[in-house]
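What follows is calculated from the coordinates using simple rules that are stated; it is not laboratory data. Just so it is clear, the structure is predicted and the values come from calculations on it, not from any experiment. Here the Cβ positions follow ideal geometry from the backbone for every residue, glycine too, while neighbour counts run over all protein chains shown.
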Amino acid sequence: MTLKLLALSSLALLANAHMAAFHKAMYCFNGTAQGQVNYNNDDPVSPLWMLTQSDYWFHHFNQCDEFPPAPGDFLELPAGGSFTVEIAANRGVTSLSFNGQFATEWGDGKNHPDGYSITNLAGAPLSDSDCIGSPNMHTQNQSMAAGTAFAISYQSDISQVTMDNLAVFTVRYNTPWKRVTSYDVPKDMPACPEDGCTCAWVWIPNGCGEPNIYMQGFKCMVTNATSTTPIATPKPPVWCQEDQSECTQGAKQILIWNQAEGNNIKVNGTDQSGHSKSPAYNSNCGFQDGAQNDIFGTSSSAATVAAALASPSSVVSSSSSIVSSPSPVVASPSPYVAPPSSVAPPSSAVASPSPSVTPHSSAVRSALPSVTPHSSAVRSASPSFAPPLSVGSPSPPASSLSPPASSYLPPASSPASPPASPPASSPIVSSSAAAASCKTATSTVLITSTVQPPVVATTPTPSDRTASQSANNLVATTVSSASSATGTCRKRMVHKPVRRRFLFK
């Protein structure tokens, strides 16, 4: 009875809390105190603002990523189906604590009217930024809720997850809203490794306070998988509200914004509604509602690229064409396509690491668009419903995880790489001789690929060709001709590097 009274007396204070997705397969499900189970756990709900990458990555700043779920607990992702989590301000108001006796339709354990909004509060408080204050969903109504998403990496070890192998696979528009929330899974999701995949729940609110982000980890497992097509290497999203043709196509990274380092999107000015632009998991940044079915590679285009690069004397079609190959089939323990690289994987260093910035410092805030920050009351963590309960045996030992910093630098390549020399058995024919002996046809094929095609074992690759293949795009030019009375023209393929440019706005 005492436990129930303590919990009930705390419900009124949840307006100050933020939101997280709760499930038994989440990291720090029981909190972040070794050997204790906190049934009122709100450790994952803290927002992430102006932190270093090592701190915001999977909520490391409070060691949430060091407390994995129990062995065998997975967030199951049925291919072509859907899965459900509970978005709430505290584990105590979900079905995962106190037998669900404090859970309601909403993430604060309270009851709110249909059409809940700042004009229909039914006695609920407004936040300091004149938005819904309980639960603190950073919105004025459901239609303005920015959208949340899940991303997946086919790495079982959370310390091996990077921006290059963590791709958004499902989005739910107009969330967070009510507690029980479902997400759709693409039907072509390949199976995870035996030890499972690593997933992340992510959210960027649209105003209504400090422009922060949210990220928390899960152990997840794809079920009912029938496809083996890998997920392509994700690319940074861009703001594209005004022109959807400018949106990043295919697999996309999660959004990192307003952090001390590692940001992969920049926005300025106002959106079409007249408010300050705020990146989000919705159409403003090219994310469709539901399963992201465009995140996969194709094996047929991969074979085309591999064949073209493996045979320098092969004849390319005389008609100019574009071959799209986002993800060749590569022998790998993970169904992710490796990032393009000529010699070695991209550096793990961030392109322009910023110095560590103290969160909420006035110096940093002055450099950002004008926003309405949270009040000190909103920033404070919500109190527990009851004291944490000790258990007989301690939780699994926390492993020291230092997530690798993501790289946004393109792979190193030599802009002055010479064209690959033809094989010794095929000497170069002078242009005058070629003109005299036969007619020549030149074709250009632009081959776009997110990876370096596999090198055929029986065909040694010269170092100069290896360097030229490091760019994301390759231009193959082949000279070919039919036989003439004076002889047969030699055939030559030249690979020219096209320098890759990453532009972050």
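Quickly rank 133-139, 239-245, 281-287 as a protection proxy: mean count of other C-beta atoms within 10 Å, highest first. Before the final figure, lay out each step's value.
On the way: 133-139: 26.1, 239-245: 12.4, 281-287: 22.4.
In descending order of packing, they fall as 133-139, 281-287, 239-245.
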**Projected label distance in nm at N62 and S117, using a 7 Å step from Cα toward the beta-carbon** = 3.2
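Within the P(r) computed for segment 26-132, what percentage of the Cα pairs occupies the region above 17 Å? Spell out each step's value before the answer.
On the way: 3757 of 5671 pairs.
The share of Cα pairs beyond 17 Å in segment 26-132 comes to 66 percent.
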**Request:** Pull up the cross-link candidates among the aspartates and glutamates for K187, meaning alpha carbon to alpha carbon under 20 Å and not fewer than 8 places away within one chain.
**Result:** E76, D289, D294
**Asked** When the distances between all Cα atoms of segment 199-239 are binned every 5 Å from zero, what whole-number percent does each bin get?
**Response** 5, 13, 14, 22, 19, 12, 9, 4, 2
**Prompt:** Given the pairs K178/K252; K110/K219; K252/K277, which span a C-alpha to C-alpha distance of over 22 angstrom in this model?
**Reply:** K178/K252; K110/K219
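Using Stokes-Einstein with the Kirkwood hydrodynamic radius over Cα pairs, what translational diffusion coefficient do you get for segment 171-300 at 20 °C and a viscosity of 1.002 mPa s, in µm²/s rounded to a whole number? It would help to have the intermediate numbers written out before the result.
On the way: Rh = 16.3 Å.
The estimated diffusion coefficient comes to 132 µm²/s.
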